[in-house]
Amino acid sequence: MMKRLLLIVNPCSGKKKANRVLTDIIGIFNRGSYDVTVHMTAARGDATEVVAARAKEFDVIVCVGGDGTFNEVISGLRSAEADTPVGYIPAGSTNDFASSLKLSKDLLQAAQDIVDGAPRPLDIGKFNDRYFSYIASFGAFTRASYATSQSLKNVLGHFAYLLSGVKEVAAIRSKHLRVTLADGTVYEDDYIFGGVSNSTSVAGVLTLKEDMVDMSDGLFEVLLIRKPRNPVEMTACVHALLHQKYDTPMLTLAVTGRVEVEAPSDMDWTLDGEKAEGTAHYVIENLHHAVMVITNAK
(Lines give C-alpha, C1' and ligand atoms only; values in the text may rest on other atoms or scores of the structure.)
Protein backbone atom coordinates (compact mmCIF):
# COMPACT_ATOMS: atom_id res chain seq x y z
CA MET A 1 0.00 0.00 0.00
CA MET A 2 1.02 3.57 -0.63
CA LYS A 3 2.09 5.45 2.48
CA ARG A 4 0.89 9.01 3.01
CA LEU A 5 3.53 11.75 2.95
CA LEU A 6 3.04 15.44 3.67
CA LEU A 7 5.69 17.51 1.89
CA ILE A 8 6.14 20.94 3.49
CA VAL A 9 8.03 23.23 1.10
CA ASN A 10 9.37 26.71 1.86
CA PRO A 11 9.67 28.18 -1.66
CA CYS A 12 11.82 31.09 -0.41
CA SER A 13 14.51 29.08 1.40
CA GLY A 14 18.13 29.45 0.41
CA LYS A 15 18.55 30.40 -3.22
CA LYS A 16 15.17 28.84 -4.09
CA LYS A 17 17.01 25.84 -5.52
CA ALA A 18 14.39 23.40 -4.23
CA ASN A 19 11.79 24.94 -6.54
CA ARG A 20 13.77 23.77 -9.57
CA VAL A 21 13.78 20.11 -8.54
CA LEU A 22 10.46 19.83 -6.73
CA THR A 23 8.89 17.53 -9.32
CA ASP A 24 11.96 15.28 -9.16
CA ILE A 25 11.68 15.12 -5.36
CA ILE A 26 8.02 14.16 -5.62
CA GLY A 27 8.92 11.51 -8.18
CA ILE A 28 11.48 9.95 -5.83
CA PHE A 29 8.84 9.66 -3.11
CA ASN A 30 6.24 8.29 -5.53
CA ARG A 31 8.67 5.57 -6.63
CA GLY A 32 9.28 4.85 -2.97
CA SER A 33 5.57 4.05 -2.52
CA TYR A 34 4.54 7.38 -1.03
CA ASP A 35 1.36 9.23 -1.95
CA VAL A 36 2.52 12.84 -1.67
CA THR A 37 0.51 15.87 -0.54
CA VAL A 38 2.40 19.14 -1.07
CA HIS A 39 1.97 22.26 1.01
CA MET A 40 3.88 25.40 -0.03
CA THR A 41 4.34 27.73 2.93
CA ALA A 42 3.08 31.27 2.45
CA ALA A 43 4.20 33.04 5.62
CA ARG A 44 6.19 32.57 8.81
CA GLY A 45 4.42 30.12 11.11
CA ASP A 46 2.46 28.53 8.26
CA ALA A 47 4.26 25.17 8.54
CA THR A 48 3.53 24.97 12.27
CA GLU A 49 -0.19 25.54 11.71
CA VAL A 50 -0.47 22.97 8.93
CA VAL A 51 1.48 20.28 10.78
CA ALA A 52 -0.41 20.91 14.02
CA ALA A 53 -3.71 20.46 12.18
CA ARG A 54 -2.82 17.52 9.93
CA ALA A 55 0.16 15.61 11.35
CA LYS A 56 -1.87 12.56 12.36
CA GLU A 57 -3.27 12.15 8.84
CA PHE A 58 0.14 11.14 7.46
CA ASP A 59 2.72 8.38 7.88
CA VAL A 60 5.64 10.72 7.22
CA ILE A 61 6.19 14.47 7.10
CA VAL A 62 9.06 15.86 5.03
CA CYS A 63 10.36 19.41 5.32
CA VAL A 64 12.04 21.10 2.34
CA GLY A 65 13.59 24.34 3.56
CA GLY A 66 16.01 25.72 6.11
CA ASP A 67 16.44 25.18 9.82
CA GLY A 68 13.71 27.74 10.54
CA THR A 69 11.18 25.77 8.50
CA PHE A 70 12.24 22.54 10.19
CA ASN A 71 11.74 24.29 13.53
CA GLU A 72 8.17 25.13 12.52
CA VAL A 73 7.47 21.51 11.57
CA ILE A 74 8.81 20.27 14.92
CA SER A 75 6.74 22.89 16.75
CA GLY A 76 3.63 21.71 14.90
CA LEU A 77 4.30 18.11 15.85
CA ARG A 78 4.59 19.06 19.52
CA SER A 79 1.35 21.03 19.35
CA ALA A 80 -0.41 18.03 17.81
CA GLU A 81 1.20 15.62 20.28
CA ALA A 82 2.03 13.52 17.24
CA ASP A 83 4.91 11.07 16.83
CA THR A 84 4.91 11.13 13.02
CA PRO A 85 8.46 10.59 11.66
CA VAL A 86 10.04 13.60 9.98
CA GLY A 87 12.37 13.80 7.01
CA TYR A 88 14.48 16.87 6.29
CA ILE A 89 15.68 18.00 2.86
CA PRO A 90 18.00 20.94 3.71
CA ALA A 91 17.46 23.77 1.24
CA GLY A 92 18.27 26.79 3.41
CA SER A 93 21.25 29.13 3.51
CA THR A 94 23.13 27.53 6.41
CA ASN A 95 21.45 24.27 7.51
CA ASP A 96 23.31 23.79 10.81
CA PHE A 97 20.96 21.11 12.08
CA ALA A 98 21.20 19.17 8.82
CA SER A 99 24.99 19.40 8.91
CA SER A 100 25.06 17.96 12.42
CA LEU A 101 22.96 15.03 11.17
CA LYS A 102 25.21 14.66 8.11
CA LEU A 103 22.25 14.94 5.75
CA SER A 104 23.13 15.20 2.08
CA LYS A 105 23.41 18.69 0.62
CA ASP A 106 22.22 17.25 -2.69
CA LEU A 107 18.44 17.68 -2.54
CA LEU A 108 17.61 14.64 -4.64
CA GLN A 109 20.00 12.46 -2.67
CA ALA A 110 18.49 13.78 0.57
CA ALA A 111 15.04 12.72 -0.70
CA GLN A 112 16.32 9.26 -1.64
CA ASP A 113 17.96 8.92 1.78
CA ILE A 114 14.57 9.50 3.38
CA VAL A 115 13.07 6.72 1.26
CA ASP A 116 15.93 4.37 2.15
CA GLY A 117 16.44 5.55 5.72
CA ALA A 118 14.95 4.83 9.10
CA PRO A 119 13.55 6.96 11.96
CA ARG A 120 16.04 7.94 14.64
CA PRO A 121 14.99 9.39 18.01
CA LEU A 122 16.43 12.85 18.66
CA ASP A 123 16.19 15.38 21.46
CA ILE A 124 14.71 18.84 20.99
CA GLY A 125 14.63 21.85 23.27
CA LYS A 126 11.80 23.64 24.99
CA PHE A 127 12.38 27.37 25.53
CA ASN A 128 9.66 28.55 27.92
CA ASP A 129 6.61 27.77 25.75
CA ARG A 130 8.44 27.52 22.40
CA TYR A 131 10.57 24.78 20.85
CA PHE A 132 13.90 24.56 19.07
CA SER A 133 15.58 21.71 17.26
CA TYR A 134 19.24 22.56 17.79
CA ILE A 135 20.07 26.01 19.26
CA ALA A 136 18.80 28.77 21.53
CA SER A 137 21.29 31.61 21.60
CA PHE A 138 21.83 35.29 22.34
CA GLY A 139 24.48 37.90 21.70
CA ALA A 140 27.20 38.24 19.09
CA PHE A 141 26.36 36.88 15.62
CA THR A 142 22.97 35.46 16.62
CA ARG A 143 21.03 38.52 15.45
CA ALA A 144 22.40 38.01 11.94
CA SER A 145 20.36 34.83 11.54
CA TYR A 146 17.02 36.63 11.74
CA ALA A 147 18.05 40.18 10.76
CA THR A 148 19.57 39.23 7.38
CA SER A 149 16.96 39.76 4.67
CA GLN A 150 15.69 36.73 2.76
CA SER A 151 16.63 38.39 -0.53
CA LEU A 152 20.25 38.77 0.62
CA LYS A 153 20.30 35.16 1.80
CA ASN A 154 18.98 34.06 -1.59
CA VAL A 155 21.72 35.96 -3.44
CA LEU A 156 24.69 35.26 -1.19
CA GLY A 157 23.65 32.15 0.72
CA HIS A 158 25.73 31.34 3.81
CA PHE A 159 28.08 34.26 3.08
CA ALA A 160 25.23 36.62 3.92
CA TYR A 161 25.32 35.43 7.52
CA LEU A 162 29.06 35.97 7.72
CA LEU A 163 28.74 39.50 6.32
CA SER A 164 26.07 40.39 8.85
CA GLY A 165 28.10 38.83 11.64
CA VAL A 166 31.16 40.88 10.77
CA LYS A 167 29.08 44.06 10.84
CA GLU A 168 27.90 43.13 14.34
CA VAL A 169 31.39 42.87 15.86
CA ALA A 170 31.82 46.61 16.26
CA ALA A 171 28.45 46.86 17.99
CA ILE A 172 28.83 43.91 20.38
CA ARG A 173 27.50 44.69 23.83
CA SER A 174 27.61 42.40 26.82
CA LYS A 175 24.62 41.36 28.92
CA HIS A 176 24.66 40.40 32.58
CA LEU A 177 23.20 36.91 33.06
CA ARG A 178 22.74 34.41 35.82
CA VAL A 179 22.70 30.85 34.46
CA THR A 180 21.72 27.90 36.64
CA LEU A 181 22.26 24.31 35.49
CA ALA A 182 20.24 21.25 36.50
CA ASP A 183 22.80 20.24 39.16
CA GLY A 184 22.64 23.67 40.80
CA THR A 185 25.85 25.04 39.30
CA VAL A 186 25.56 28.81 38.78
CA TYR A 187 27.42 31.01 36.31
CA GLU A 188 26.98 34.77 36.62
CA ASP A 189 28.90 37.36 34.62
CA ASP A 190 28.77 39.76 31.67
CA TYR A 191 28.54 37.72 28.47
CA ILE A 192 28.73 38.63 24.79
CA PHE A 193 27.38 35.27 23.61
CA GLY A 194 25.50 32.32 25.00
CA GLY A 195 24.19 29.20 23.34
CA VAL A 196 22.23 26.20 24.57
CA SER A 197 22.66 23.72 21.75
CA ASN A 198 22.28 20.19 20.49
CA SER A 199 24.42 20.69 17.41
CA THR A 200 28.05 20.85 16.29
CA SER A 201 27.55 24.05 14.28
CA VAL A 202 26.05 27.46 15.03
CA ALA A 203 25.59 29.55 11.85
CA GLY A 204 28.88 28.16 10.58
CA VAL A 205 30.67 30.64 12.85
CA LEU A 206 30.92 28.69 16.13
CA THR A 207 31.52 24.94 16.14
CA LEU A 208 31.85 22.18 18.70
CA LYS A 209 33.85 19.01 18.21
CA GLU A 210 31.75 16.11 16.94
CA ASP A 211 32.79 13.82 19.79
CA MET A 212 31.36 16.33 22.27
CA VAL A 213 27.82 16.28 20.89
CA ASP A 214 25.29 13.45 21.07
CA MET A 215 21.95 14.60 19.68
CA SER A 216 19.97 11.96 21.54
CA ASP A 217 21.58 11.78 25.00
CA GLY A 218 19.09 14.03 26.81
CA LEU A 219 21.71 16.73 27.32
CA PHE A 220 22.55 20.16 25.94
CA GLU A 221 25.95 21.73 25.43
CA VAL A 222 25.98 25.21 27.00
CA LEU A 223 28.58 27.67 25.71
CA LEU A 224 29.04 31.08 27.35
CA ILE A 225 31.54 33.71 26.20
CA ARG A 226 32.49 36.29 28.81
CA LYS A 227 33.05 39.89 27.76
CA PRO A 228 36.77 40.39 26.94
CA ARG A 229 38.33 43.10 29.10
CA ASN A 230 41.01 44.09 26.58
CA PRO A 231 42.26 43.35 23.03
CA VAL A 232 44.53 40.56 24.31
CA GLU A 233 41.58 38.69 25.78
CA MET A 234 39.55 39.24 22.61
CA THR A 235 42.36 37.75 20.50
CA ALA A 236 42.66 34.78 22.86
CA CYS A 237 38.91 34.24 22.68
CA VAL A 238 38.85 34.26 18.87
CA HIS A 239 41.83 31.89 18.75
CA ALA A 240 40.14 29.50 21.17
CA LEU A 241 36.93 29.40 19.11
CA LEU A 242 38.74 28.95 15.81
CA HIS A 243 40.81 26.05 17.16
CA GLN A 244 38.03 24.56 19.32
CA LYS A 245 40.07 25.02 22.51
CA TYR A 246 37.73 25.68 25.40
CA ASP A 247 40.22 26.07 28.24
CA THR A 248 40.39 29.88 28.15
CA PRO A 249 38.86 31.73 31.14
CA MET A 250 36.57 33.65 28.77
CA LEU A 251 34.76 30.49 27.66
CA THR A 252 32.48 28.32 29.75
CA LEU A 253 31.37 24.98 28.28
CA ALA A 254 29.01 22.81 30.30
CA VAL A 255 26.64 19.88 29.73
CA THR A 256 23.17 19.74 31.26
CA GLY A 257 19.58 18.74 30.59
CA ARG A 258 18.02 21.89 31.99
CA VAL A 259 18.99 25.56 32.19
CA GLU A 260 17.41 28.48 33.99
CA VAL A 261 18.46 31.95 32.84
CA GLU A 262 17.87 35.32 34.44
CA ALA A 263 18.59 38.06 31.91
CA PRO A 264 17.65 41.62 30.93
CA SER A 265 14.09 41.57 29.64
CA ASP A 266 15.08 43.50 26.51
CA MET A 267 17.59 40.86 25.39
CA ASP A 268 16.28 38.91 22.40
CA TRP A 269 17.25 35.32 21.60
CA THR A 270 17.20 33.24 18.45
CA LEU A 271 15.70 29.78 18.23
CA ASP A 272 17.07 27.89 15.20
CA GLY A 273 17.65 31.25 13.52
CA GLU A 274 14.22 32.70 14.34
CA LYS A 275 13.77 35.63 16.71
CA ALA A 276 12.45 35.05 20.23
CA GLU A 277 11.35 38.13 22.17
CA GLY A 278 13.19 38.81 25.41
CA THR A 279 11.86 38.30 28.90
CA ALA A 280 13.50 38.30 32.34
CA HIS A 281 13.37 34.56 33.04
CA TYR A 282 13.83 31.51 30.85
CA VAL A 283 13.55 27.80 31.47
CA ILE A 284 15.26 25.74 28.78
CA GLU A 285 14.65 22.00 28.92
CA ASN A 286 15.91 19.07 26.90
CA LEU A 287 12.99 16.91 25.70
CA HIS A 288 14.65 13.53 25.40
CA HIS A 289 13.79 11.52 22.25
CA ALA A 290 10.93 13.93 21.51
CA VAL A 291 11.03 13.56 17.73
CA MET A 292 11.77 10.82 15.20
CA VAL A 293 13.93 12.08 12.35
CA ILE A 294 14.57 9.90 9.30
CA THR A 295 18.25 9.55 8.43
CA ASN A 296 20.11 7.33 6.00
CA ALA A 297 20.36 3.83 7.41
CA LYS A 298 23.83 3.23 5.93
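The values are calculated or read from the model by the stated rules, or taken from the named source; none is laboratory data. Just so we're clear, the structure is a prediction, and the values are computed from it rather than from any experiment. Cβ: placed from backbone, ideal geometry, glycine included. Neighbour counts: every protein chain shown. For the accessible areas, the whole protein counts, side chains as well, though only heavy atoms, and no ligand, DNA or RNA atoms are used. Shrake-Rupley method; radii C 1.70, N 1.55, O 1.52, S 1.80 Å.
Filter the range 83-104 down to the residues that are touching a Gly at 6+ places or on another chain (Cβ under 8 Å) and in a loop (DSSP other than H, G, I, E, B), then identify the one that is modelled with the highest pLDDT.
ALA91
Is there any pair linking a residue in the range 243-269 that is over 15 Å from ASP189 (Cα atoms) to one that is surrounded by 15 or more Cβ atoms within 10 Å (Cβ to Cβ) and acidic (Asp, Glu), with Cβ under 7 Å and at least six apart or on different chains, and which?
Within 7 Å, the pairs are VAL255/GLU221; ARG258/GLU285.
Condition check ((1) hydroxyl-bearing (Ser, Thr, Tyr); (2) in contact with a Leu (Cβ under 7 Å, 6 or more places away or on another chain); (3) open to solvent by less than 20 Å² (accessible area, probe 1.4 Å); (4) within 18 Å of THR69 (Cα to Cα)) across all residues:
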residue	(1), (2), (3), (4)
VAL261	no, yes, yes, no
ASP266	no, no, no, no
GLY273	no, no, yes, yes
GLU277	no, no, no, no
ALA280	no, no, no, no
ILE284	no, no, yes, no
VAL291	no, yes, yes, yes
ASN296	no, no, no, no
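Kindly indicate which of ASP96, ASP116, ASP129, ASP123 is farther than 26 Å from VAL283 by Cα and among the charged types (D, E, K, R).
Exactly one residue qualifies, and that residue is ASP116.
Only residues that are within 22 Å of ASP46 (Cβ to Cβ) and in contact (Cβ under 8 Å) with a residue 24 or more places away in the chain: list them for the range 271-289, please.
Those that are within 22 Å of ASP46 (Cβ to Cβ) and in contact (Cβ under 8 Å) with a residue 24 or more places away in the chain: LEU271, ASP272, GLY273, GLU274, LYS275, ALA276.
Quick one: in the range 214-258, of everything that is more than 17 Å from GLY194 (Cα to Cα) and of a type in the set (A, V, I, L, M, F, W, C), which residue is surrounded by the most Cβ atoms within 10 Å (Cβ to Cβ)?
Here the residue is MET215.
Taking the options THR270, THR248, THR295, name whichever one is touching a Lys or Arg at 6+ places or on another chain (Cβ under 8 Å) and at pLDDT below 90.
The match here is THR270.
Give the residue that is least open to solvent (accessible area, probe 1.4 Å), with candidates limited to residues of the range 76-94 that are of a type in the set (Ser, Thr, Tyr) and under 14 Å from VAL50 (Cβ atoms).
Filtering the range 76-94 for residues that are of a type in the set (Ser, Thr, Tyr) and under 14 Å from VAL50 (Cβ atoms), the one least open to solvent (accessible area, probe 1.4 Å) comes out as THR84.
Counting just the residues of the range 38-75 that are basic (Lys, Arg) and part of a helix (DSSP H, G or I), which one comes out most open to solvent (accessible area, probe 1.4 Å)?
Taking the candidates together, the pick is LYS56.
For the range 226-244, state whether one or more residues are at pLDDT 80 or above and within 24 Å of ASN95 (Cα to Cα).
no
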